[in-house]
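Shown next, in structure tokens, is the structure this report addresses.
The values are calculated or read from the model by the stated rules, or taken from the named source; none is laboratory data. Values in this document were obtained by computation on a predicted structure and should not be read as measured data. Quick reminder, even Gly has a Cβ in these numbers, built from the backbone with ideal geometry, and neighbours come from all protein chains shown. What goes into the accessible areas is simple: the full protein's heavy atoms, side chains included, and nothing from ligands, DNA or RNA. Shrake-Rupley method; radii C 1.70, N 1.55, O 1.52, S 1.80 Å.
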Amino acid sequence: MLLRQEGGMTAIQRDYSLAGQETPRAIERGLANAQWYRPPIDPARLRELSVRTNGRAAFDTLLWLGLIVGFGALAWTLRSSWWAVPAFMAYGALYGGASDSRWHEMGHGSAFKSGRANDVIYYLASFMLLRGPTQWRWSHVRHHTDTLIVGRDPEISFPRPTSRFDIALFMLGWKSVVPLVRTMLRHAFVGLDENTQDYTPEGEQKAVVREARIYVGILGVAIAWSVATTSIWPVMFIGLPTLYGVWLVVFFGLTQHAGLTEDALDHRLNTRTVYMNPVFRFLYSNMNYHVEHHMFPTVPYYNLPALHAEVKQYLAPPLPNTLAAYREILTALDGQAKDLAFELPLRNLPTGPDHGGVGTVDVGVRLWGSPGVDLGAVESFVNGEIRRVDVEDATYAVYRLAGSEIVVTDGLCTHGAAHLADGTIVDRMIECPKHNGRFDLRTGEPARKPVKEALQVHAVEIRDGRIIIEPERARPRA
Ligand code: FES
């Protein structure tokens, strides 16, 4: 649809689907799976910030769940008076709103140290939001790969033009929850839509259908319970809170990317960091540090303020508060409603090194008269360090684990364009810096999605204190 023609320039409403003309265009322009800007950071400090603790995540999660139960009990107690309205509003905001950032953090697997705890809360929060856990895991992987790239990112929630009226429709659920219900019913009874097929691997598509049917079953029981008892209360506690709490998802979600530059390979141009008060930060799990999260998704939410302090010199100035963020968002959306090509004034980006990775790159040497490759001195590594070492056109990740054990793997993640030396070690696994996929460092086997293909682990020999591998010789799998 042609929306504007002015001075020979035309702006055309873009096709935000993943199966339209924008998709091949994005690929041709090198915007898919591309390398993104990352500011420099001391690798040792990043390792420190990437450490997860069960205690902190458990405290926040129990507080959130406790508040849901508390406000639910209050709403039930007050159900015959108008005082139930604010109690249900709080219950809905916690159930259908604050669950969004919990879903997000657990989906990245970065909140708890325990993978199982992350998964349990991820599944619970997914249901509260009516998001299929498998479908949305893959959708979010793509969002991190191709943030705000039109035709590639399935999570562009506010495409151009988004009017103020549209925002009201999002907050009321018409443009947010209703499409989710439609998708759930379609997945349960008809099959996967084109977008979901695009980003969900074939082997996982059955799980999408199964989960949609489970959701339909649970909601069906709640509805049947309400009908059988001719009472609205069962669905007021299960199902409807997704609808009457979604305004909080939209309230925070708008601050992430709305109105910012599309098709830019730099999160400083398409993502916002906004300073928020402690209550908002609890409800939103510190996702107001959204630029930092996109650049370093291995850092758990509770360490994002500290990460912000480390890298803020390289970022655009954060918005000082939520009100300022909304002023900026409305300026952008109002401008784009009149002119699709409208952009906010260029953000004041500090000049600094464009750094695709974290640490420095060492160069190894091929040994004369042997197939061996020298990757450096053991002594030059500290415990817990990971370093990238390049040898001719090959790149490796060299790890010094606790007890001074040296492990060498291929450098690049088998899932995408990320160097594992920028990742973090979690219980003898390397976690990729791009989508939090993991490999077992003993065997190279995938240990967490989205990685599916094993990583090459090389046999290491220590000769005179030097780390030697023979890359042609595959290490036998344990
Ligand atoms: S690039 Fe996706 S998990 Fe590594």
| note | Rounded to whole Å², per residue accessible area for the chain with a 1.4 Å probe reads 45 Å²
| query | Lysine pairs, Cα distance under 19 Å, 8 or more residues apart or cross-chain: how many in the chain? | reply | 6
| query | Cα gyration tensor of the range 129-181, axes a ≥ b ≥ c as square roots of the eigenvalues: rounded (a/c below 1.5), prolate (a/b > b/c) or oblate? | reply | oblate
| request: Rounded to the nearest 10 degrees, what's the angle between the helix 133-145 long axis and the longest principal axis of the chain, both from Cα atoms, 0 to 90? | output: 60 degrees
| request: For the range 361-474, give the percent of accessible area contributed by carbon and sulfur heavy atoms, probe 1.4 Å, rounded to a whole number. | output: 50 percent
| task | Could you tally the net charge around L219, taking each other residue with its Cβ under 14 Å from the Cβ of L219, Lys/Arg +1 and Asp/Glu -1? | result | +2
| request: DSSP loop (so not H, G, I, E, B), at most 16 other Cβ within 10 Å: list which GluC sites (Glu not before Pro) in the range 310-349 pass both filters. | output: E343
| query | Separation between the I12 and F165 pseudo-spin-labels, each 7 Å from Cα along Cα→Cβ, expressed in nm? | reply | 2.6 nm
| Relative contact order for the chain: what is it in percent, counting Cα pairs under 8 Å that are at least 6 residues apart? | 17 percent
| task | Loop only per DSSP, at most 10 neighbouring Cβ atoms within 10 Å: give me the GluC sites (Glu not before Pro) in the range 389-478, ordered by residue number. | result | E392
| When the scattering of the chain is computed by the Debye formula from its Cα atoms alone, each counted once and equally, what is log10 I(q)/I(0) at q = 0.10 Å⁻¹? | -0.81
| remark: Given chymotrypsin sites (Phe, Trp or Tyr not before Pro), DSSP loops and at most 10 other Cβ atoms within 10 Å, the longest exposed-site-free stretch of the chain is 83-367
| note | Residue-normalised 222 nm signal for the chain, counting each DSSP H run of n ≥ 4 as -39,500 (n - 2.57), nearest 500 deg cm²/dmol, is -12500 deg cm²/dmol
| Can you give the net charge of the other residues whose Cβ lies under 15 Å from the Cβ of P320, counting K and R as +1 and D and E as -1? | +4
| task | Summarise the accessible area of the range 14-338 (1.4 Å probe, protein heavy atoms) by the percent that is carbon and sulfur. | result | 65 percent
| query | How much net charge surrounds L344 when only the other residues with a Cβ under 13 Å from the Cβ of L344 are counted, with Lys and Arg +1 and Asp and Glu -1? | reply | 0
| Taking the Cα centre of the chain as origin and charging only Cβ (+1 Lys, Arg; -1 Asp, Glu), how large is the dipole, in debye to the nearest 20? | 1360 debye
| request: On a C-alpha basis, how far is the centre of the range 144-220 from the centre of the range 314-346 in Å? Whole number, if you could? | output: 26 Å
